[in-house]
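*Asks:* Okay, here's the structure, questions in a sec.
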Amino acid sequence: MSARFFPRSDAGLLVWLANFQSTLPAQAKALGLAPGEIKEALDQAKALATAIQIDEQKYADWQAAVAKTAELRDQAQTEIRRIIDRLRTAPSYTEETAKSLMAVPVKPVAKSLDDHKPVIRASYSGGKVRIHWTRGALDGVNVYSRKPGSEVWVLLGRDTRPPYDDLRPAVSAGEVREYRAIGVSHDEEVGHPSDTVLATLGG
């Protein structure tokens, strides 16, 4: 008999494991299961539930860390830009000074990329969401995601070689995520965000 009674989502499995741990002792004893077997099954169920809970907490911490980094990036770059702008007003500031600080303009983005809009497609398989996109003249894309209804897009990462795989586990059965991508050229975002696509994670 295949174990089709196990929920596929972690959230569902946690509920199932909690019920199993509370129900098994009485049922197993009534059916004559050896105490050692009962203990082994309960220990395994508890260990799995604990591991899933730790994973969920780490995922939540990761999301918070990404949001915090985005906030810090804005604050730090604003302050650094202010300092460099002040340095530029010094009489002794030269082009060599700018080069030493790497405070020189990046290579101009080709005009053809100013209006570029990536075309992406999302698919779910094997526990991951795969974002398909075409590189073309781009150096890569920045991939963003959010929950439907949220106003905040979270940067998942930069991809320079399609496709991009989002390996974050589902937090609930049938979880829906929104994705979009923005082209990158010479380490700067260019053009317009792609259309938003949806991905439903298996439940």
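The values are calculated or read from the model by the stated rules, or taken from the named source; none is laboratory data. Bear in mind the structure is a predicted one, so any value in this text is a computation, not a measurement. Using ideal geometry, Cβ is built from the backbone for each residue, glycine included, and neighbour counts are taken over all protein chains shown.
*Asks:* Residue by residue through segment 157-179, note down the ones that are outside any loop (DSSP other than H, G, I, E, B) and touching a residue at least 40 places away in the same chain (Cβ under 8 Å).
*Replies:* ARG177, TYR179
*Asks:* In the list GLN53, GLN77, GLN57, which residue meets the criterion of being modelled with pLDDT of 90 or more and either farther than 23 Å from ARG168 by Cα or in contact with a Pro (Cβ under 7 Å, 6 or more places away or on another chain) (or both)?
*Replies:* Answer to the check: GLN77.
*Asks:* Does at least one position in segment 87-94 carry a residue that is out of contact with any Asp or Glu (no Cβ under 7 Å at 6 or more places or on another chain), surrounded by 12 or more Cβ atoms within 10 Å (Cβ to Cβ) and in contact (Cβ under 8 Å) with a residue 12 or more places away in the chain?
*Replies:* Yes - at least one qualifying residue is present in segment 87-94.
*Asks:* Please go through segment 104-135 and give me each residue that is modelled with pLDDT under 90, assigned to a loop (DSSP other than H, G, I, E, B) and surrounded by fewer than 16 Cβ atoms within 10 Å (Cβ to Cβ), ordered by number.
*Replies:* VAL104, PRO105, VAL106, LYS107, PRO108, ALA110, ASP114, ASP115, GLY126, GLY127, ARG135
*Asks:* Which residues, taken from segment 121-140, are closer than 26 Å to ALA60 by Cβ and either assigned by TED's automatic domain parsing to the domain that holds ALA64 or in contact (Cβ under 8 Å) with a residue 40 or more places away in the chain (or both)?
*Replies:* Matches in segment 121-140: ALA122, SER123, TYR124, GLY127, VAL129, ILE131.
*Asks:* Criterion first (aliphatic (A, V, I, L, M) and either farther than 21 Å from TRP62 by Cβ or surrounded by 14 or more Cβ atoms within 10 Å (Cβ to Cβ) (or both)) does VAL176 satisfy it?
*Replies:* No; evaluated as a whole, the condition is false for this residue.
*Asks:* Does ALA98 count as in contact (Cβ under 8 Å) with a residue 60 or more places away in the chain, farther than 30 Å from ASN19 by Cβ and assigned to a helix (DSSP H, G or I)?
*Replies:* It is false that ALA98 is in contact (Cβ under 8 Å) with a residue 60 or more places away in the chain, farther than 30 Å from ASN19 by Cβ and assigned to a helix (DSSP H, G or I).
*Asks:* Hey, could you check segment 141-156 for residues that are outside any strand (DSSP E or B) and free of Cβ contacts under 8 Å to residues at least 60 places away in the same chain and say which is nearest to ARG8 (Cα to Cα)?
*Replies:* Among those that are outside any strand (DSSP E or B) and free of Cβ contacts under 8 Å to residues at least 60 places away in the same chain, it is LYS147.
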